[in-house]
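Here the structure comes first, spelled out in structure tokens, and everything after it is commentary.
Just so you know, all these numbers are worked out from the coordinates, no wet-lab data involved. What you see is a predicted model; the values in this text were computed from it and never measured. Cβ placement follows ideal geometry from the backbone for every residue including glycine, while neighbour counts extend to all protein chains displayed.
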Amino acid sequence: HTISKMLDFYSQFNPSPLSIKKFIDFGLNASEEKSFIFLRKELPVRLANIMKEIALLPENLLRMPSVIAVNDWYMRSFQEILEFEKKDPTPGTMEHFCNELVKIRNRHSDVVETMAQGVLELKESHDVDCHTEHSIQYFLDRFYMSRISIRMLINQHINLFSALIFGGQLENAPGPNRSKYIGCIDTQCDVVSVIKDAYENARFLCDQYYLASPDLIINQGQHNDLQKEEYINIVYVPSHLYHMLFELFKNSMRAVMEYHNSSNEFPPITVAVSKGKEDICLKMSDLGGGIRRSTTDHLFKYMYSTAPQPSKSDAHTVPLAGYGYGLPISRLYARYFHGDLVLLSCEGYGTDTVIYMKALSNEANELLPIFNKTTSKFYRTTVQTGDWSNQAANIGDRQISINT
Ligand code: W6P
């Protein structure tokens, strides 16, 4: 069939990661035509790379209705973009391309919830062994990262060039009207104001549910070259940073409120912000009693949350809903531009979470999954060599070795 031929063809290419700096240069200099030419190849490459990986999923997962639906969306979008393969970049064609990208973006808006539903369907209908669980974790990290990157490319193109959005004009306006935004990148993202914004919105949910909420204390790094009054700026996608912070605030607030539920005093949540030569770091500290060390890794597992995912419409009415996919996906946002998100807890005391973001926009490169022979090998084998004594640590974690 021709679509599978096209998938074979485009999956041979590696995705081309862009740095934030390249996104900026592109936004400042590139024409719609250049962007169009780039995307009509790069989008099929990124789609094909991840679709090849979907095909490697355990068969019983591939048969779940939600997974079939997601796969269908990818097929359709892949084919729609291929329509532009040989078209001349006329204004009409490029406008049509923009409209198709909007359509594709909307089609894929519920992919995270739908894929999560598919995993639930699998859990309810089959026993999931730990090899399968491991494969699913590996896959979902790559799949959601791929999705973040594809949406970034689509959003940049739409924001810069869609006639329906005023973006294009503002970015290019000379003088004081020039926007500090290049598409969805803020070239002067004020980290502290994003922290305050995420805090206020999480606090609103917390107040609704617990009728109280912990205060926020922000400490700006005093041990660096910055003046104390100077606020910390970064070239970044503020919506990504907001997403991570909102998730962390909800978790910290819930921990604090539950741990101190018998008192009227709630210790504040502290966020330290620092700017170093390599990274900008945000450390959020709560005194919410912490979690067990053995639970820490589970917080980043997609299969850990057994509760059904709240639907999109629920998400805002169920205050401080369970861990769900919030933490693993927040960590993907951090890692997407070669930052990280780490969690360190002291059981009986509290939890620290740190968001690292590359300070230099030319070092903030996209981290993209690449499909190749190594990838498919992963899905077939997980060799855990027994080279450490492991009785107590792995109770309940069956060790398996599958060699092919
Ligand atoms: C906790 C558990 C947790 C997860 C993520 C972020 C903050 C916190 N605090 O107690």
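Calculated on the alpha-carbon coordinates, the convex hull of the range 1-117 measures out at 121 cubic angstrom per residue.
If the range 334-386 were replaced by its equivalent ellipsoid, with semi-axes equal to the square roots of 5 times the Cα gyration tensor eigenvalues, what would those be, largest first, whole Å? It would help to have the intermediate numbers written out before the result.
Details: eigenvalues 166, 109, 9 Å².
Taking √(5λ) for each eigenvalue gives 29, 23, 7 Å, largest first.
Note on residue 358: aspartates and glutamates with a C-alpha under 18 Å away, same-chain residues under 8 apart excluded, are 25, 186, 190, 225, 278, 279, 340, 366.
For the range 78-167, give the magnitude of the charge dipole about the Cα centre (Cβ charges: +1 Lys/Arg, -1 Asp/Glu; no others), in debye to the nearest 20.
Numbers: 9 positive and 14 negative charges, 88 e Å.
Using Cβ point charges on Lys, Arg, Asp and Glu, the range 78-167 gives about 420 debye.
In this simple spin-label model, placing a label point 7 Å from the Cα along the Cα-to-Cβ direction at both residue 138 and residue 28 gives a separation of 4.2 nm. With a threshold of 25 Å on the Cα-Cα distance, the over-threshold entries among 103/180; 21/277; 86/373; 196/275; 180/275 are 103/180; 86/373.
Between the listed residues 47, 20, 7, the Cα displaced farthest toward the positive end of the dipole of the range 1-89, a dipole computed from Cβ unit charges relative to the Cα centre, is found at 20.
Simple point charges give the picture: +1 on the Cβ of Lys and Arg, -1 on the Cβ of Asp and Glu, and for the range 1-93 a dipole about the Cα centre of about 140 debye.
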